[in-house]
Amino acid sequence: MTTPWWVSLIIAICSGLLSGCISPFIVGWLSKRQKRFDLKYNAFNEALNAILKWEADIYDIKLQNKKESHDGISPLINIRPETRQALENAKNLIKSWFSEESNIALDAVLRSSISLKKVPNLDHEDLKNKFILSTTKELKIK
């Protein structure tokens, strides 16, 4: 038994209308999730790069030998202005996109004592690894 041609036509029109109306919503939802993941991943990547710049500045002997002061006050460690800017940007991005746990982990990394006198600094490396694990857990890439 075959179906009449007009029934097949109605089924084709209905399925075309349904897929044409529903498909954009599904694609929009998926692209929104992908965009959110991309933004979070970029925030994580920028934070990691800022930490690495900060470590490079701390381990730079020439930079640490230039002790500048203002009104007799000099910082314990010298870092370049672009590194300071990258760190502030990283803190804000992590605070915006990640949980409080990741924010606290980043703060612990940046508060850890790191200097040329103690290389390698295993406490600092442990804190950095905790930050990486907490953010990758939220990104669901580990």
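All of the numbers you see were taken from the coordinates with simple rules; none came from a lab. This is a predicted model, so every value here is computed, not measured. Note that we place each Cβ from the backbone using ideal geometry, even for glycine, and neighbour counts take in every protein chain shown.
What number of residues within region 103-113 satisfy the criterion of being more than 17 Å from residue 52 (Cβ to Cβ) and either crowded, with 20+ Cβ neighbours inside 10 Å or touching a Gly at 6+ places or on another chain (Cβ under 6 Å) (or both)?
0
Consider residue 21 against the criteria (1) of a type outside the set (Gly, Ala, Ser); (2) under 30 Å from residue 104 (Cα atoms); (3) surrounded by fewer than 10 Cβ atoms within 10 Å (Cβ to Cβ): it satisfies all of them except one. Which criterion is unmet?
Looking at each condition in turn, residue 21 falls short on (2).
Take the residues of region 14-39 that are closer than 30 Å to residue 135 by Cβ and of a type in the set (A, V, I, L, M): which is farthest from the chain's Cα centre (by Cα)?
26
Give region 125-140 a look and list any residue that's free of Cβ contacts under 8 Å to residues at least 60 places away in the same chain and either of a type outside the set (A, V, I, L, M, F, W, C) or not in a helix (DSSP H, G or I) (or both), or say none.
Selection gives 125, 126, 129, 130, 134, 137, 140.
From 39, 52, which residue is in a helix (DSSP H, G or I) and touching a Phe, Trp or Tyr at 6+ places or on another chain (Cβ under 8 Å)?
Testing whether each residue is in a helix (DSSP H, G or I) and touching a Phe, Trp or Tyr at 6+ places or on another chain (Cβ under 8 Å) leaves just 39.
Just give me the residues in region 57-109 being more than 17 Å from residue 45 (Cβ to Cβ), in contact (Cβ under 8 Å) with a residue 12 or more places away in the chain and not in a loop (DSSP other than H, G, I, E, B), in sequence order.
Matches in region 57-109: 57, 58, 61, 63, 64, 101, 107, 108.
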